Amino acid sequence: MSLYRTEALTLYRNLLRSSRLFKTYNFREYVYRRSRDAFRENKNVSDSEKIQELLKEGNRQLQIAQRQGAINGMFSMNKVIIENTPQYSARR
Amino acid sequence: MASLLKNSTQRAVRPLCRFRGLASLPVYLDAQATNPTDPRVLDSMLPYLTEQYGNPHSRTHQYGWDSEKAVDKAREQIAGLINAHPKEIVFTSGATESNNTALKGVARFYKGKKKHIITTQTEHKCVLDSCRKLQEEGIDVTYLGVKKSGLIDLEEFEKAIRPDTVLASIMTVNNEIGVIQSIEEIGKICRKHKVFFHTDAAQAVGKIPIDVNAMNIDLLSISGHKIYGPKGVGALFVRRRPRVRLEAIISGGGQERGLRSGTVPSPLTVGLGAACEIASVEHAYDYEHAKRLSQKLVDGIQSRVGHIERNGDPQHTYPGCVNLSFSFIEGESLLMALKDIAISSGSACTSASLEPSYVLRALGSREDLAHSSIRFGIGRFTTESEIDYVIDKIEHHVNRLREMSPLWEMYQEGIDLSTIQWSQH
């Protein structure tokens, strides 16, 4: 269990971090929210086979996020208006 | 020369723009017009836009085989989302082409025996326009009206079926008001009377569950960019058993079972397939997200502005489409004021005209309310902060415009606006 715990926490941290690669506001927020909700939803999964499956899928998603985040960073040129308005840009 | 070379190779990747964030983009709330391509979709497409460029119809080399394999996988992914067989999926350029192919294809093929089509007044322009074209060719078309809720009357629909009715075309989710028709019941009625049933599901696929077998759908149109896929690609589901036969619009190499000639754009189909696969995993999560934000938006505007009316049935509606009418002000002036929010008064195709939407008029909305309507589209990438921003902006501008409105003044003085005789121009 604890073996998977370390791996899961590393994956979680890397996924949240990968969201920051996206310069486009809406993608950045989505990657963050989707990763957070997926980990919350599955936090009580105890079947080791299921955990391995979820970790595999999570790592696949991490690779996509890292690739696409890098591409997005090169082509995103403008901010959405609320990013410049601090009262709205805070994340919940 | 050497130093030049060194310099140019040292800087690994140069972004398109180095000074980011100078201009600000409006908050995007027009999910019914189009949606951004999901990064996961783009990730699946890029190999086919770079290395694997083969023509999927080339049978003599690996480039072709690889592309063909990718197209077949996409076909399976699309079929999987709507519970169809992969062979029943035909790739097109979008939902407009799918609708054209379905309506004109069926009507022209069966023209000798049957020549009546039933549709509704609230369909998308491409369905209505295809019907007009068919009328010129001698096909009879019945345009069913809708109830105040935006739903069709099923009894009236059944009565409209004639012995020579070949096809009924009724959209699943309306693009302007988000109303979901009772597809399952309509499918049953069509099957009972042996009428082919086509549905334009551009706004529905991937957002609400669709099963072409359980719902007795014979033809179904899908759009790529409405489900976070690329623009320029769509699909048409054509049932094999009982077989639906079509006359193709485009002649050529006979691709797509002869129904749609022309090289299948493998990168786009791969993107559409990926979008469908993501939708089949994510639709419940996306639906909850849209529902939550939609509730927040409607409640926020209702409590802080008041005198609004939601167009269309509030129950049988996809929550990601919110169509509101603001009393005492004009929709166009509100749209102009809300330049930092990307919204529209109706469908993108008709957004250039100042005419009130024909969909709202079909619902029997009062002319003034049809003129003051705005559609808010919430999607996968909409955030809660954006909704907060939109509610604040709406409150500010609606109050400001009402302060200037003579109608608002009259209302405050207690004059019933519906009793006023407006002069004719």
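The values are calculated or read from the model by the stated rules, or taken from the named source; none is laboratory data. Here the structure is a predicted model, which is why all the values come from computation and not from measurement. FYI the Cβ positions are ideal-geometry reconstructions off the backbone, even for glycines, and counts take in every protein chain you see. Side chains included, ligands, DNA and RNA excluded: accessible areas come from the protein's heavy atoms. Shrake-Rupley method; radii C 1.70, N 1.55, O 1.52, S 1.80 Å.
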Query raised in the report: With every protein chain left in place, what is the accessible area of A:Leu21 in Å² (1.4 Å probe, nearest 10)?
Result: 80
Query raised in the report: Alpha carbon centre of the stretch A:68-92 versus the stretch B:236-294: separation in Å?
Result: 32
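Rounded if a/c is under 1.5, else prolate if a/b is larger than b/c, else oblate: which is the protein assembly as shown, with a ≥ b ≥ c the root eigenvalues of its Cα gyration tensor?
On the way: a/c = 1.76, a/b = 1.10, b/c = 1.59.
Cα axes put the protein assembly as shown in the oblate bin.
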Query raised in the report: For A:Leu3 and B:Ser24, what does the FRET efficiency come to when R0 = 45 Å and r is the distance between their Cβ atoms, rounded to the nearest 0.05?
Result: 0.45
**Report entry** A versus B: buried accessible surface, summed, Å² (probe 1.4 Å, to nearest 100)
**Finding:** 3000
Report task. Rounded to the nearest 500, what is the 222 nm mean residue ellipticity of chain B from helices alone, with -39500 (n - 2.57) per DSSP H run of 4+ residues and division by all residues? Result -> -12500 deg cm²/dmol
**Report entry** DSSP-defined beta bridges in chain B - what % are antiparallel, rounded to 5
**Finding:** 55
Query - Reach of B:Lys115 by Cα under 23 Å, taken over lysines that are not fewer than 8 positions away in the same chain - result: B:Lys104, B:Lys125, B:Lys133, B:Lys159, B:Lys188, B:Lys192, B:Lys194
Report summary line: In nm, the gap between the two label points placed 7 Å beyond Cα toward Cβ at B:Arg59 and B:Ser418 is 6.8
Requested in this report: Order B:Met404, B:Met215, most accessible first, counting only protein heavy atoms with a 1.4 angstrom probe.
Outcome: B:Met404, B:Met215
Report summary line: Carbon and sulfur atoms account, in whole percent of the 1.4 Å probe accessible area of the protein assembly as shown, for 52
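Quote the relative contact order of the stretch B:283-410 in percent (integer), defining contacts as alpha-carbon pairs under 8 Å separated by 6+ residues.
On the way: 151 pairs, mean separation 43.2, N = 128.
Reported relative contact order: 34 percent.
Probe radius 1.4 Å, ligands and nucleic acids left out: which of B:Val141, B:Val359 has the largest accessible area, and how do the rest follow?
Numbers: B:Val141 25, B:Val359 0 Å².
Putting B:Val141, B:Val359 in descending order of accessible area: B:Val141, B:Val359.
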Report summary line: Computed over chain B, the relative contact order (Cα-Cα under 8 Å, seq sep at least six) in percent reads 21
Report summary line: Too long for a 28 Å Cα-Cα cut-off, among B:Lys231/B:Lys291; B:Lys147/B:Lys231; B:Lys113/B:Lys207; B:Lys113/B:Lys226; A:Lys56/B:Lys296, are B:Lys147/B:Lys231; B:Lys113/B:Lys207; B:Lys113/B:Lys226; A:Lys56/B:Lys296
Report summary line: Counting only DSSP beta bridges fully inside the protein assembly as shown, the antiparallel percentage to nearest 5 is 50
Report task. Could you calculate the FRET efficiency of B:Glu156 with B:Arg191 from 1/(1 + (r/R0)^6), where r is the beta carbon distance between them and R0 is 25 Å, rounded to 0.05? Result -> 0.85
Query raised in the report: Full extension from B:His85 to B:Ser303: what is 0.36 nm times the residue separation minus their Cα-Cα distance, to one decimal in nm?
Result: 73.7 nm
**Report entry** Per residue solvent-accessible surface (Å²) - the protein assembly as shown, probe of 1.4 Å
**Finding:** 49
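Give me the percent relative contact order of chain A, please, defined on Cα pairs under 8 angstrom at least 6 residues apart. Numbers along the way, then the final one.
On the way: 65 pairs, mean separation 35.7, N = 92.
Value for chain A: 39 percent.
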Report task. For the stretch B:352-383, list whatever residues lose no less than 40 Å² of accessible surface once every protein chain is in place, relative to that chain by itself, with the probe at 1.4 Å. Result -> B:Phe381, B:Thr383
Report summary line: From highest to lowest solvent-accessible area (probe 1.4 Å; ligands, DNA and RNA excluded), B:His57, B:His396 read B:His396, B:His57
